[in-house]
Amino acid sequence: MNKDFVRACESVFDAAQLFIDAPLRFHTTFRIGGPADLLFYPKNTEEVQKIICMAKEYGEPITLLGNGSNILVRDGGIRGLVIRFGKKMADVTLDGADLIVGAGALLRDVAAFAQQNSLSGMEFACGIPGSIGGAIFMNAGAYDDEMKSVVASVRTVSRDGVERLYAATELDFGYRHSIFQSRDEVICETRLHLREADRDMILERMTDLNHRRESKQPLFYPSAGSTFKRPPGYFAGTLIEQTGLKGLTVGGAQVSQKHAGFIINIGNASASDVQRLIAAVQKRVYAKHAVELFPELRVIGEP
Ligand code: FAD
């Protein structure tokens, strides 16, 4: 990485926002991943604009990271700048039945804030360990609901540092898909449109969904959630289980015994262990069921 870029960043931003050679295993729920050359926590949209323009000037590539719960960072880590959306950019404010939310806010905190303010619509997301930015990017969903049903608009910054407001109708939401997967935009803030409801009933629903999650998912092991997208007409976990692959292990990566749709890190798994296990599962499921499995998690970084 260009040392002048690092020095320029250090002269503009607080030391507490910048981390050099930051091991990304501490920033992913899989607890896997090599180092980022430079990791930066922005506090607001203006800082996002500023660092994007600086990275462009110095020719440094940019990678975006939310809570790291849907990614596999490869063992060589990430060259250039990683912008990490976290607590520093996680304000949630109330505007009637709407919430204005910073990209780094965690879904569980947004769901809790909505519940405390008697607003319904975010219950489905209370157990998804992502940030708002990552959830919009992925159109995260669960229990027959998804981000699509609550997002009213999204404020972004382009890779040229230009701010833009997207209306919900422009977001091309589909199953684990949004327009941002084909556009280099940085999600900075969103407006969520919720509806008034009884606080206790909202809480009851959230508690019920969390219990369901705990009973079915291997939450005590690091993972990136469901490894594969749901193939049309099937469930990935069921196909994997029927192929007899529960417990299949490569290095420190294992097909969960509790839920075959999850690959878990049972101890010091490398990204390459996970990738080899994914390939083995895909091959064996295809051989038995003639169904192709495609990863839901996103693989980034150098091998
Ligand atoms: P990350 O993993 O950090 O990033 C995901 C993608 O979004 C990356 O390509 C990244 O570049 C991009 N991105 C992140 N932030 C921004 C931003 N501000 N601007 C532009 N792009 C950005 N998912 C579900 O849909 N439903 C579930 O029920 C579910 N259950 C899970 C359970 C467990 C135990 C785990 C570990 C994961 C689960 N997931 C689930 C997956 C994951 O939590 C979601 O996909 C989540 O929305 C990802 O958000 P994130 O902030 O962690 O994004």
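For the chain, the relative contact order comes to 18 percent (Cα pairs under 8 Å, sequence separation of at least 6). Here, P(r) means the percent of Cα pairs in each 10 Å bin from 0 to the largest distance; for segment 183-303 it is 12, 35, 27, 20, 7. Around the Cα centre of the chain, unit charges on the Cβ atoms of Lys, Arg, Asp and Glu (plus for the first two, minus for the last two) sum to a dipole of about 1080 debye. The radius of gyration of the Cα set in segment 81-132, together with its Dmax, comes out at 11.2, 39 angstrom.
Heavy-atom accessible surface of Phe85, to the nearest 10 Å², is about 10 Å², with a 1.4 Å probe and all protein chains retained.
Dipole of segment 13-114 computed with +1 at Lys/Arg Cβ and -1 at Asp/Glu Cβ about the Cα centre; of Pro42, Val82, Ala97, farthest Cα towards the positive end is Val82. Which one of Pro129, Pro61, Pro218 has the biggest mean-square fluctuation once the chain is modelled by GNM with Cα springs under 10 Å? The residue that fluctuates most here is Pro61.
Looking at the chain, the pairs of alpha carbons with a distance over 37 Å make up 16% of the total. Based only on the alpha carbon positions, what is the Kirkwood hydrodynamic radius of segment 1-150, in angstrom? Answer for segment 1-150: a Kirkwood hydrodynamic radius of 16.2 Å. What FRET efficiency, computed as 1/(1 + (r/R0)^6) with R0 = 51 Å and r the Cβ-Cβ distance, is obtained for Lys3 and Met201, rounded to the nearest 0.05? With R0 = 51 Å, the Cβ-Cβ based efficiency is 0.35. Build a GNM of the chain with springs between Cα atoms under 10 Å apart, and of Phe13, Phe220, Phe173 the one that fluctuates most is Phe220. Cross-link check: pairs Lys87/Lys283; Lys3/Lys43; Lys88/Lys148; Lys43/Lys216 evaluated at a Cα-Cα cut-off of 32 Å; pairs beyond the cut-off: Lys87/Lys283; Lys43/Lys216.
Computed about the Cα centre, the dipole magnitude for segment 25-128 is approximately 440 debye when only Lys and Arg (+1) and Asp and Glu (-1) carry charge, each at its Cβ.
If r is the Cβ-Cβ distance from Asp144 to Lys56 and R0 is 51 Å, what FRET efficiency results, to the nearest 0.05?
Working: r = 41 Å, r/R0 = 0.81.
The value I calculate is 0.80.
What's the Kirkwood radius of segment 1-76 in Å, using all Cα pairs? Don't skip to the end; give the middle numbers.
On the way: mean 1/r = 0.0765 Å⁻¹.
After inverting the pairwise mean of 1/r, the radius is 13.1 Å.
If you take all other residues with their beta carbon under 14 Å from the beta carbon of Ala290, and give Lys and Arg +1 and Asp and Glu -1, the sum is +2.
Under 1.5 on a/c is rounded, so check that first for segment 236-303, then, if it is not, pick prolate when a/b is larger than b/c and oblate when it is not; a ≥ b ≥ c are the square roots of the alpha carbon gyration tensor eigenvalues. Present the calculation step by step, with values, prior to reporting the outcome.
Numbers: a/c = 2.00, a/b = 1.36, b/c = 1.47.
Because a/c hits 1.5 or more and a/b fails to exceed b/c, segment 236-303 counts as oblate.
Note on Lys288: lysines with a C-alpha under 19 Å away, same-chain residues under 8 apart excluded, are Lys229, Lys246.
Using a simple spin-label model with pseudo-atoms 7 Å out from Cα toward Cβ, Asp208 and Lys283 lie 4.4 nm apart. Summing Cβ point charges (Lys, Arg +1; Asp, Glu -1) relative to the Cα centre of segment 225-298 gives a dipole of roughly 60 debye.
Can you tally the net charge around Thr207? Count Lys and Arg as +1, Asp and Glu as -1, for every other residue whose Cβ sits under 12 Å from the Cβ of Thr207. Here the count lands on -2.
For segment 185-241, the spread of Cα coordinates along the three principal axes comes to 41, 36, 28 Å, biggest extent given first.
Considering only alpha-carbon pairs that sit under 8 angstrom and 6 or more positions apart, the relative contact order computed for segment 77-181 is 18 percent.
The values are calculated or read from the model by the stated rules, or taken from the named source; none is laboratory data. For clarity, every value in this text was computed on a predicted model and none was experimentally measured. Counting neighbours? That spans all protein chains shown, and the Cβs are built from the backbone with ideal geometry, glycine included. To get the accessible areas, we keep the full protein, side chains included, count just its heavy atoms, and leave off ligands, DNA and RNA. Shrake-Rupley method; radii C 1.70, N 1.55, O 1.52, S 1.80 Å.
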